[in-house]
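The values are calculated or read from the model by the stated rules, or taken from the named source; none is laboratory data. In this text the structure is predicted, and so the values were computed from the model without any measurement. Methodologically, a virtual Cβ is constructed for each residue, glycine included, from the backbone with ideal geometry; neighbour enumeration extends over all protein chains shown.
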Amino acid sequence: MIKKQSITVVNALFYSVIFLCVGLVSAQNYRTPNFYSLIDSADVYIDDFPKKAEQFLDSIPKPITSTIKGRLASYYQLRGLINDKYEEPIKEFQNFSLALKYAKLENEYDIAGMVSLELFFNTYIIKRDATAFKYLDDAKAFYALAKNTNGLAEVSQMYAYVQFNQNNYAKSNALLLPNLERYKNIKDDQYYYMYALFMLSSNYAHLNNLDKGHYYFNSLKALQNDSTLSPSLYASHVVTINTCFAEVHLQHKNLDSTLYYLEASGKMRPAMNVSDTKQYFNLYADYYKQLGNSAFKNSYLDSLRVFNDQQFDKALKASLDINTALVSKDEALVDATDKRNTNRLWIIILAIILVALGIVITMRYKKIRLKIVEFSKRKDEYQFMQTNHEKLKVKVRGLEDYIKELKKELRAISTIDNSREQKEKTKALYKNLHHQSSTFLAKEENYLELINDVNIEFFTQIKTLHPTLTDSEIIICYYLFLGFKNKEIAAFLNTSTRSVESKRYRLSKKIEALDSNLTLIDYLNVTFKNSKISAF
């Protein structure tokens, strides 16, 4: 009953802790709705409708570190792509840096590879920083971890782009042409083929090989309706090549061809990036300069100045926005720190309570267990004593009967008048008495019962430790423990010394606790040294 109660208490504590943990997790989940769908929706519209994608991202409640935990890399990646669409390089760099940070934490290697490439492009093209190649190496490593062959193909194109950007057009072509078929065969995303054609068209144009330039440009334009390319991405590359051809023709004073490509670029103004727009205004200004039309030339130069002012204002606004964002982050960090400290305090309090409960229950359990062991021991001793008591009652009755018979014989002998006959009868009675006593002592079970009465502790212990021992083997152990030799034990048991030696050998085999360094007598002395033994 006591044991059952202790188990019930332990089970109650265990289930209480489980329910408490489940409750905390459930409460946390209840307080944190799933806003991942807003990220997925923004991803759908990012290429062609960046404003709508931004609205989905703005709908995510603050702090985003809690509301979209586990998807922060995707969130900042999309923010960076929107900044790229709006030509906000400062914000773009900041958001891609955050995307890389969380991609590493979330093991999002595809995102890590993509933003590393963007950071390389941003650092190398805009800042002209040689450390940009670290991002390129990182992109290659991340794409390798993700087993993204398309990403690795784009990394290989970046080395051609570096030569292209340094006006090493022939070297750029040498890196692109051997891999052109490889890029073309990436059917699930023709961006890589388009980008290679874009660089080849521009390279050959600047190398004054207009035939090959037009050949690769026509191949690029043939991808216009490809379903794997977003229209805005396709248009942004076509408008750059139009501007490039206009520049080359202007250098050769082919004014008609220059105007043709400038007009083609003008029809695609929304697809121009900052560099294309500046180039567009400069080329028109140079074109009208060669025509001798100062009014139109100055008009385009004015447009260029207005555009540069707009870009400056945009950069200034971006810097202010970043400062505001940093202030907001500091405030959010303070709030998060306070909340984390509060949660930590509650966790410590809960841990202290659980430890205290554990100590109380452990101490209670130990006390209950000691009582159970003590109760079991007393029960065994009581049963043993009760059994021995019954045996003693039987033995006493037997001895009483035997003594009565002896008294009868003594009375009969005392009535004999013949002294010789009386002596003979007395001698026979002595022999008979000695014989009966020897026979009684030779019966090992009865002998064991007699010495059990005065050595209960020894026999209880040895029976518990070695339940397979026979009564005669226990008797031998008892006398060995008392210090008797084999010959003396044989005399007490009315048997041969050889028989005692044989039983001692079997005992050494039956007691498993013995090893090669411990004798039977040593084992008995060590095991039962605290037992209270009385010699019989």
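Would you be able to say whether some residue in region 225-232 is part of a helix (DSSP H, G or I) and modelled with pLDDT of 90 or more? Walk me through how you get there before you give the answer.
Of region 225-232, the ones part of a helix (DSSP H, G or I) are 231-232.
In the following step, the residues that additionally are modelled with pLDDT of 90 or more were identified as 231.
Within region 225-232 (the criterion being part of a helix (DSSP H, G or I) and modelled with pLDDT of 90 or more), the answer is yes, since at least one residue qualifies.
Looking at (1) touching a residue at least 60 places away in the same chain (Cβ under 8 Å); (2) closer than 21 Å to T277 by Cα, which one does Q94 not meet, given that it meets all the others?
Single failed check for Q94: (2).
Given (1) under 55 Å from the mean Cα position of the chain (by Cα); (2) surrounded by fewer than 17 Cβ atoms within 10 Å (Cβ to Cβ); (3) over 24 Å from F49 (Cβ atoms); (4) not charged (D, E, K, R), where does F217 come up short, assuming only one miss?
(2)
Read through the list (1) under 25 Å from the mean Cα position of the chain (by Cα); (2) at pLDDT 95 or above, then give the number of the only condition that K104 fails.
Evaluating K104 over (1) under 25 Å from the mean Cα position of the chain (by Cα); (2) at pLDDT 95 or above leaves (2) as the failure.
Within region 285-306, does at least one residue satisfy the condition of being without any contact (Cβ under 8 Å) to a residue 24 or more places away in the chain and among the β-branched types (V, I, T)? Talk me through it step by step, then tell me what you get.
Quick first cut of region 285-306, residues without any contact (Cβ under 8 Å) to a residue 24 or more places away in the chain only: 285, 288-289, 292-303, 305-306.
Subsequent filtering for residues that are among the β-branched types (V, I, T) retains 306.
Yes: one or more hits.
Anything in region 182-207 that is part of a loop (DSSP other than H, G, I, E, B) and touching a helix residue (DSSP H, G or I) at 6+ places or on another chain (Cβ under 7 Å)? List them, or say none.
Across region 182-207, the qualifying residues are I186, D189, L207.
Give all pairs with beta carbons closer than 8 Å in which a residue from region 201-212 that is at positive phi meets a residue that is outside any loop (DSSP other than H, G, I, E, B) and β-branched (V, I, T); count only pairs at least 6 apart in sequence or on separate chains.
N208/V248
Just checking, which of V360, V355 is free of Cβ contacts under 8 Å to residues at least 12 places away in the same chain, over 30 Å from I456 (Cα atoms), loosely packed, with under 11 Cβ neighbours inside 10 Å and not acidic (D, E)? Break it down into steps so the answer makes sense when it comes.
Working: V360 fails: loosely packed, with under 11 Cβ neighbours inside 10 Å.
Just one listed residue meets the conditions, V355.
What residue, of K289, K253, is part of a loop (DSSP other than H, G, I, E, B) and either of a type in the set (F, W, Y) or more than 22 Å from N83 (Cα to Cα) (or both)?
On the way: K289 fails: part of a loop (DSSP other than H, G, I, E, B).
When all the criteria are applied, what remains is K253.
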